[in-house]
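Comments concern the structure below.
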Amino acid sequence: MENQAFLFPGQGSQYVGMGADLYDTYAEVRDVYDEADEVLGFPLRRLCFEGPEEELRLTVNTQPALLVTSIAIYRILEQRGWQPKWVAGHSLGEYSALVAARSLTLAEALKLVRQRGAFMQEAVPSGQGTMAAILGLENALVEEACEEAKAFGIVEPANYNGAGQVVIAGEVKAVEKAAQVAKAKGAKKVVMLNVSAPFHCSMMGQAATSMAKVLAKAEIQDAILPLIANVSAKPIQKAEDIRESLIRQVDHPVKWEQTMQFLAQQGVTEFYEIGPGKVLSGLAKKIVKGSTVNSLGDRGSLQKIVASSGESG
């Protein structure tokens with residue numbers, strides 16, 4: 001599997017009902033959800049399967065819900081001998097990738113992302129920050145737009161998603177101004193995002209400081225698989241490098257486009273999105289032309305993979 005990478009999605013990929021059909025089918029999935037309920041002390045499984053959606057959308061709940069669903073899917077593949085050459089995760093998905101790479105246990109990762117979600121939610125008072133997706137404009141021009149709007153407050157690139165999409169984050173007036181400037185510079189479309197906070201920008205500084213204290217005490221091991229880090233788009237495996245990267249990714253942009261380009265340069269031709277939704281699959285198809293992309297988020301898609309490994313279920 002030298003040419004394979006597993007990709008783990010982040011916030012925004014969640015939906016009510018995710019994982020329910022897998023729970024009914026696979027014992028390893030039941031084990032993961034049951035462990036999560038025990039570790040967190042509340043019925044996360046019920047929230048994933050039944051909602052309500054507004055509660056699932058709360059950052060403090062979304063993060064562990066996505067983590068546990070992604071790892072439940074990963075366990076199905078792991079039990080059948082699937083192991084990629086590389087792993088990467090978009091924002092929150094980096095924690096899922098680290099569980100797959102055995103740098104974090106599921107229990108440790110669940111505790112960390114639950115706290116991460118709370119810190120990020122609390123970092124900026126409601127209504128003060130926002131995010132916007134800039135479509136069809138070069139990265140450098142988006143950066144220029146942010147620079148020109150700084151007189152209105154904080155605004156910075158937050159996600160370099162690739163395929164002509166950069167998400168910016170910051171104070172509301174500054175983000176709105178940067179969006180206007182981006183349109184003037186030729187952006188095909190600007191979409192104001194319905195988010196609870198301005199993630200991955202300097203306004204998350206307090207959340208990063210809080211996470212640093214938590215991560216200092218966390219049990220992190222060297223990874224058995226190289227993780228392409230969000231903050232650098234370079235491979236890391238040492239525990240201390242991972243710890244530092246997890247701190248920095250809270251208030252620094254996600255370099256997803258650069259991550260995918262690095263993997264392509266290493267000869268990766270097969271990408272598997274492990275978790276709900278198809279966001280990363282769509283980006284992979286556009287960034288790495290000609291690659292094989294599989295989205296594994298439900299029973300139907302997984303049964304094809306399981307069948308190809310010679311087992312039923």
Report task. Give the peptides 85-92, 28-35, 286-293 in descending order of average Cβ contacts within 10 Å, highest first. Result -> 85-92, 28-35, 286-293
Query raised in the report: Can you flag which of Lys111/Lys278; Lys213/Lys234; Lys278/Lys304; Lys255/Lys285; Lys255/Lys304; Lys238/Lys286 are past 22 Å Cα-Cα?
Result: Lys111/Lys278; Lys213/Lys234; Lys255/Lys304; Lys238/Lys286
Report task. In debye, nearest 20, what is the charge dipole magnitude of the range 257-304 about its Cα centre with +1 on Lys and Arg Cβ and -1 on Asp and Glu Cβ, if you could check? Result -> 160
**Report entry** Cα centroid of the range 225-304 to Cα centroid of the range 1-46, whole Å
**Finding:** 18
**Report entry** Average projected area [Cα convex hull, the range 129-195], square nanometres
**Finding:** 3.5
Requested in this report: Along Cα→Cβ, 7 Å out, is where each label goes; now give me the distance between the ones at Lys238 and Phe42 in nm to one decimal.
Outcome: 3.9
Query raised in the report: Which part of the range 93-114 falls in the paramagnetic zone of Gln221, meaning amide N under 18 Å from the point 7 Å along Cα-to-beta-carbon?
Result: 95-112
Query raised in the report: For Gln261 and Glu50, what is the calculated FRET efficiency with R₀ set at 30 Å and r taken between the beta-carbons, to the nearest 0.05?
Result: 0.15
Report task. With unit charges on the beta carbon (Lys/Arg positive, Asp/Glu negative), name the residue among Val190, Gln261, Leu141 whose Cα is farthest towards the positive pole of the charge dipole of the chain. Result -> Leu141
Requested in this report: Please work out how much length the chain gains when fully extended from Asn3 to Asn194, using 0.36 nm per residue of separation minus the C-alpha to C-alpha distance, in nm with one decimal.
Outcome: 65.1 nm
**Report entry** Stretchable slack from Ala307 to Asp24, in nm (0.36 nm times residue separation minus alpha-carbon distance)
**Finding:** 100.1 nm
Query raised in the report: Could you give the dipole magnitude of the chain about its Cα centre, charging the beta-carbon of Lys and Arg +1 and that of Asp and Glu -1, in debye to the nearest 20?
Result: 640
Report task. Please build a GNM for the chain, connecting alpha carbons under 10 Å apart, and tell me which residue among Ser96, Ser13, Ser301 fluctuates the most. Result -> Ser301
Query raised in the report: Contour minus end-to-end for Lys289 and Ala118, with contour as 0.36 nm per residue of separation and end-to-end as the Cα-Cα distance?
Result: 57.8 nm
Report summary line: Computed, not fitted: 222 nm per-residue ellipticity of the chain from DSSP H runs ≥ 4 (each -39500 (n - 2.57)), nearest 500, equal to -14500 deg cm²/dmol
Query - Lys183 paired with Val214, simple spin-label distance in nm, labels 7 Å along Cα-to-beta-carbon - result: 3.7
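Here, each number is a calculation from the coordinates, and none is a lab measurement. As the structure is a computational prediction, the values presented were derived from the model and not from experiment. A quick note on method: Cβ atoms are made from the backbone with ideal geometry, for glycine too, and the neighbour counts reach across all protein chains shown.
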